[in-house]
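**Student:** Take a look at the following structure, please.
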Amino acid sequence: MGYGGSITDWGRQAGIHTGRILAGAKPMDLPVQQATKVELFINLKTAKALGLDVPPMLLARADEVIE
């Protein structure tokens, strides 16, 4: 399982920061930003290999289930 910031969101934020730097902003003046969207990934194959049962309610809440 993995729970963390969206890779797509990270790329968007990097583009915004790059645009601000190219427009003349100093990198040290840019605000520190946290992820605005988080995602839950579950790898069922690995869970089964470890002998773990993933509850159906958790599977329903996952953004992506890898089989």
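**Student:** Being acidic (Asp, Glu), on the phi < 0 side of the Ramachandran plot and touching a residue at least 12 places away in the same chain (Cβ under 8 Å) narrows it down to one residue among Asp53, Asp9, Asp29; which is it? Give the steps one after another, and end with the answer.
**Tutor:** Working: Asp53 fails: touching a residue at least 12 places away in the same chain (Cβ under 8 Å); Asp29 fails: touching a residue at least 12 places away in the same chain (Cβ under 8 Å).
Just a single option satisfies the conditions, and that option is Asp9.
**Student:** Of all residues in the stretch 1-24, which are part of a loop (DSSP other than H, G, I, E, B) and either surrounded by 11 or more Cβ atoms within 10 Å (Cβ to Cβ) or in contact with a Pro (Cβ under 9 Å, 6 or more places away or on another chain) (or both)?
**Tutor:** If the condition is that a residue be part of a loop (DSSP other than H, G, I, E, B) and either surrounded by 11 or more Cβ atoms within 10 Å (Cβ to Cβ) or in contact with a Pro (Cβ under 9 Å, 6 or more places away or on another chain) (or both), then Met1, Ser6 are the ones that fit.
**Student:** Can you name the residue in the stretch 25-50 that is open to solvent by 60 Å² or more (accessible area, probe 1.4 Å) and either in contact with a His (Cβ under 7 Å, 6 or more places away or on another chain) or in a loop (DSSP other than H, G, I, E, B) (or both) and is also modelled with the highest pLDDT among such residues?
**Tutor:** Going through the stretch 25-50, the residues open to solvent by 60 Å² or more (accessible area, probe 1.4 Å) turn out to be 26-29, 31-34, 36-38, 41, 45-46, 48-50.
Among the residues that remain, those that are also either in contact with a His (Cβ under 7 Å, 6 or more places away or on another chain) or in a loop (DSSP other than H, G, I, E, B) (or both) are: 26, 31-34, 36-37, 50.
Working: Lys26: 91, Pro31: 88, Val32: 87, Gln33: 83, Gln34: 82, Thr36: 79, Lys37: 84, Leu50: 95.
Here the residue is Leu50.
**Student:** How many residues does the stretch 51-67 hold that are surrounded by 11 or more Cβ atoms within 10 Å (Cβ to Cβ) and closer than 13 Å to Tyr3 by Cβ?
**Tutor:** Here the count works out to 3.
The values are calculated or read from the model by the stated rules, or taken from the named source; none is laboratory data. Nothing here was measured: the structure is a model prediction, and the numbers come from that model. We place every Cβ from the backbone using ideal geometry, glycine too, and count neighbours over all the protein chains shown. Keep in mind that these areas ignore ligands, DNA and RNA; they rest on the heavy atoms of the full protein, side chains included. Shrake-Rupley method; radii C 1.70, N 1.55, O 1.52, S 1.80 Å.
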